[in-house]
Amino acid sequence: MTPTASMTDHGQADELRVAMVDGIAGRHEALGLVLSADVRRALLAVPRHLFAEGDADLEGAYADQAIVTKRDERGVSVSSVSAPWLQAMMIGQAGAGPGMRVMEVGSGGYNAALLREIVGDGGQVTTVDIDSEVTGRARRCLAAAGYDDIEVVCADAEFALAPGRRFDAIIVTAGAWDIPAAWPSQLGAGGRLVVPLRTRGMTRSWVLEQRDGTLVSTGHLMCGFVPMRGAGEHRGASAPLLGDGVVGLWQDEGDAIAVEELAGVLDGPRAEMWTGVTIGVNASSADLDLWLATTLPGFCLMTARQEVIDDGTVNLSWRYGTPALADGPNLAYRARPRPVDGPEGPHEFGAAGHGPDAARVARVLAEQISAWDGAGRPSPRLTVLPAGTSDADLPAGFVLDKRHARLVISWPTAR
């Protein structure tokens, strides 16, 4: 497919596009992934700057980062062209290939164009968004880039597009809290659903395959997306621990935290428990975080502004959502890993506790970090069944009930 001409310097755009793809390939390699030849070809073919539509300069259009295309009245991003490394990763998760029928939930235009390059003339790409402004923009950008046979639909993808329509792959490009029945119902035999699903406040891009009416994961990767809008929207509950939200707690499911019991919890001394469990300086602890979410009573996420991390008020490992547990007037959280043998060497996991029983709650969290290590640092499996499925028909694991689905997170490779 040949894109239409643009007023931009084609030579510079081509050079920037090659550099972007080389960077994506390197990032994939660091994650233990392989950038397929089809995805690489698509990334080199699609002129990403035509989907920035004035929201980024040429270099910004080919930076490996998201481009915000719409904000709400508070200035919060509600639509964007996702970072190309993430789009490439999810297309790879979906196993998109020639001749396939693919539906994208959440439109930016660029991802649909990448998919069109991959499925070819024998395939079909449908992109759906609830916002008519977003779909209108996607149509304009696709037309400018020469992609005139992509179906752009303005609808709430919580509901099926039409009776009987089936897709070989569905890729969701908005943060989902639940799995509506429409998604598995529109998957063909052997189809894949790739969805950035939020469980206990943490988002992972799960690859889910259809197996006899059940969705079972075959892989997952850490990611972040703007939240779903429409009937699938869900807001978690946040509670401040220090004034003006400098430090707070976030809970996405389950009972509300009794924040009044935690008043002044950070004022006292901090108890730290170190585990002897180490991790490489650039290695991911995403699976550990999910383990803690499924094993700790009173689990929540702790957030903080950078200044209170820098001044030592809290020793968080991640300011946007560190695993924590609230237990009456006590609070513990995963501490920032400390270097064992210099800044470039392994780092040791630990837990920090506050409150009248700080040492105990820190020990509870630290013991679960050690349990994850002792189990062989397993990777989770997600099983998705319809709401109303009886407990007797669920596999073993941690059960999380949503509106439309019952999720089971298990650890099948654990020793």
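Taking 7 Å along the Cα-to-C-beta vector as the label spot, tell me the residue 348-residue 161 distance in nanometres, rounded to one decimal.
Going by the 7 Å Cα→Cβ label model, 5.5 nm.
How many angstrom lie between the C-alpha centres of segment 44-97 and segment 325-381?
Measuring centre to centre over Cα atoms gives 36 Å.
If you put +1 on each Lys and Arg Cβ and -1 on each Asp and Glu Cβ, how big is the dipole of the chain around its Cα centre, in Debye rounded to 20?
So the dipole magnitude of the chain works out to roughly 720 debye.
Across 10 Å bins from 0, what is the distribution of all Cα-Cα pair distances for segment 209-262, in whole percents?
Calculated over all Cα pairs of segment 209-262, the distribution is 17, 28, 35, 15, 6, 0 percent.
Provide, as a two-decimal number, the C-alpha radius of gyration of the chain over 2.2 N^0.38 Å, N being how many residues it has.
Normalised by 2.2 N^0.38 Å, the Cα Rg of the chain equals 1.03.
Looking only at the chain, where both bridge partners belong to it, what percent of the DSSP beta bridges are antiparallel (to the nearest 5)?
Bridges in the chain that DSSP calls antiparallel: roughly 75 percent.
Please work out the FRET efficiency for the pair residue 14 and residue 281, using the Cβ-Cβ distance as r and a Förster radius of 25 Å; give the result to the nearest 0.05.
The value I calculate is 0.10.
What 222 nm value per residue comes from the helices of the chain, counting each DSSP H run with n ≥ 4 as -39,500 (n - 2.57) and dividing by all residues, nearest 500 deg cm²/dmol?
Calculated from helices alone, the mean residue ellipticity at 222 nm is -7500 deg cm²/dmol.
Quickly work out the residue 305-to-residue 413 label distance, labels modelled 7 Å from Cα along the C-beta direction, and quote it in nm with one decimal.
For residue 413 paired with residue 305, the spin-label model returns 4.1 nm.
Which one of 280, 160, 16 is farthest out on the positive end of the charge dipole of the chain, using unit charges on Cβ (Lys, Arg +1; Asp, Glu -1) and the Cα centre as origin?
160
Using the crude model of +1 on Lys and Arg Cβ and -1 on Asp and Glu Cβ, and no other charge, please compute the dipole size for segment 330-384 relative to its Cα centre, in debye to 20.
200 debye
For the chain, set up a GNM with springs between Cα atoms under 10 Å and report which of 262, 115, 301 has the largest fluctuation.
Residue with maximal mean-square fluctuation among 262, 115, 301: 262.
Loop-only GluC sites (Glu not before Pro) in segment 329-391, please: DSSP not H, G, I, E or B, and at most 14 other Cβ atoms within 10 Å.
For GluC sites (Glu not before Pro) across segment 329-391 that sit outside H, G, I, E and B with at most 14 neighbouring Cβ atoms in 10 Å, the list reads 344.
Determine the shape class of segment 47-89: with a ≥ b ≥ c the square roots of the Cα gyration tensor eigenvalues, call it rounded for a/c under 1.5, and otherwise prolate if a/b is greater than b/c, oblate otherwise.
oblate
At residue 272 and residue 143, where each label point lies 7 Å from the Cα along Cα→Cβ, what is the point-to-point distance in nanometres?
Modelled inter-label distance: 6.0 nm.
Assuming 0.692 mPa s and 37 °C, estimate D for segment 324-402 with Stokes-Einstein, Rh taken as the Kirkwood radius over Cα pairs, in µm²/s.
213 µm²/s
Run a plain Debye calculation on segment 115-219 (Cα atoms as equal point scatterers, no solvent) and give log10 I(q)/I(0) at q = 0.14 Å⁻¹, rounded to two decimals, same order as the q list.
Each listed q corresponds, in turn, to -0.61.
Dividing the convex hull volume of the alpha carbon atoms of segment 35-151 by its residue count, what do you get in Å³ per residue?
Dividing the Cα hull volume of segment 35-151 by its residues yields 97 Å³.
Between the alpha-carbon centers of segment 142-220 and segment 234-249, tell me the distance in whole angstrom.
31 Å
Which residue, 240, 227, 257, has the largest displacement toward the positive end of the dipole of segment 220-265 when charges sit on each Cβ (Lys, Arg +1; Asp, Glu -1)?
Checked the options; the winner is 227.
What number does segment 7-46 give for Rg over Rh if you use C-alpha atoms and the Kirkwood radius?
Reported Rg/Rh, Kirkwood definition of Rh: 1.06.
Strictly greater than 21 Å: what percent of every Cα pair in segment 140-283 meets that?
Percent of Cα pairs beyond 21 Å in segment 140-283: 63.
Quick note: the coordinates plus some simple rules give every number you see, no bench work behind them. Since this is a predicted model, take the numbers as computed values, not measurements. Backbone-built Cβ (ideal geometry, glycine too); neighbour counts: all protein chains shown.
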